[in-house]
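What follows is a set of notes on a single structure, which appears directly below.
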Amino acid sequence: MALPESGTRRGPTAGARSDGVRPPKTGELVARRLRRRIVEGSLADGDYLPNEATLMEHFGVSRPTLREAFRVLESEGLIELRRGSRTGARVTVPGPEVVARPAGLLLQLGGATLGDVYQARSAIEPPAARLLALSADEERYAALEAEVEPARAAVADYERFAVASAHFHLRLVELSGNLTLALMAGMVHEIILRQTQASVRASEADGEHDVYARAVRAYEKLVKLVRAGDGPGAERFWHKHLQAADQLVLRDREATSVIDILE
């Protein structure tokens, strides 16, 4: 594995600046160099960093400074430290769950409601459907179509259907090709999943079994519009579907606090 670029040395001494802005510590500079290599792909998921002695010599830093850099990267979920092991620090490329957990906490702290979350979903998913339809990417089309089958196979099992349904919505956005939209969808996925589970339990108790089949038909129609490359049509249809689906899923629970769903 190639070493990160060299050039990091001990930072300026304390008091070198008088404008009130703290200069970064040397450990933070080392972490910045390593982080850039991970982001650029020079250090891939699963790679092991060189041993401490090699890195200390390369960056010209002490062991405490290097370990400070490791702690920064570990807190960001970019490396895994295997203490007591000779293998050292292993690169770990985080997924959307890294932002999903703190985002859920912020929504709770802010007093967000289910109405807030579902409004956000309606702002995210229809444009994602349009982007996916216009991508002309057969692999992505096939991937979305494959997501219909788990939902279709679970129409008689409401717990499985809730999971399959929430995952279909998430994958729709992920397959749009827009990373920002995908991260936003991932942030609210857990909330959507839990409320969908509550909704299908209520439907099951009321004997509303046809709700699941109608949802699957909507997924199938969306796939057809996407495969046809009809971006505006896919967006309009999915917006209309979400309006109807949200009424069933929320069941007058728009004002319910997110904290009551996640706990």
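Of note:
- With Cα atoms, 0 to 90° folded angle of helix 97-109 axis to the chain main axis: 70
- Inverse mean reciprocal Cα-Cα distance (Kirkwood Rh) of the stretch 126-263, Å: 15.2
- Projected label distance in nm at Thr54 and Leu106, using a 7 Å step from Cα toward the beta-carbon: 3.7
- Label-point separation, Ala228 to Ser257 (7 Å along Cα→Cβ), nm: 4.6
- In order along the stretch 136-150, the Karplus-derived 3J(HN,Hα) couplings, from 6.51 cos²θ - 1.76 cosθ + 1.60 at θ = phi - 60°, round to 6, 10, 5, 5, 5, 4, 5, 5, 5, 4, 5, 6, 6, 4, x Hz, and Gly and Pro are given as x.
- Here the 3J(HN,Hα) profile of the stretch 114-127, calculated from phi with Karplus coefficients 6.51, -1.76 and 1.60 at θ = phi - 60°, is 4, x, 4, 5, 6, 5, 5, 4, 5, 7, 8, 6, x, x Hz, Gly and Pro shown as x.
- Three-way shape label, the stretch 133-189, alpha-carbon gyration tensor, a/c 1.5: oblate
- Highest-fluctuation residue, Arg82, Arg251, Arg130 considered, GNM on the chain with Cα pairs under 10 Å: Arg82
- Modelled FRET efficiency - R0 22 Å, Arg63 with Ser42, Cβ distances, 0.05 increments: 0.40
- Coordinate range of the alpha-carbon atoms in the chain per principal axis, descending: 69, 41, 40 Å.
- Angle of helix 210-227 to the longest C-alpha principal axis of the chain, folded into 0 to 90 degrees and rounded to 10: 60°.
- Tensor-based shape of the stretch 26-91 (alpha-carbon gyration tensor, a/c under 1.5 rounded, otherwise prolate or oblate): rounded
- Springs between Cα atoms under 10 Å define the GNM used for the chain, and in it the highest mean-square fluctuation of His169, His189, His58 occurs at His58.
- The calculated FRET efficiency for the pair Gln119 and Val99, based on their C-beta separation and a Förster distance of 25 Å, comes to about 0.80.
- Choice from Tyr118, Tyr48, Tyr219 showing the highest fluctuation, given a GNM over the chain with Cα pairs closer than 10 Å: Tyr48
- Ranked from largest, the principal axis spans of the Cα set of the stretch 25-151 equal 52, 41, 25 Å.
Values in this text are rule-based calculations from the coordinates and carry no lab data. Worth saying up front: this structure is predicted, and the values here are computed from it rather than measured. Virtual Cβ from ideal backbone geometry, glycine too; neighbours counted across all protein chains shown.
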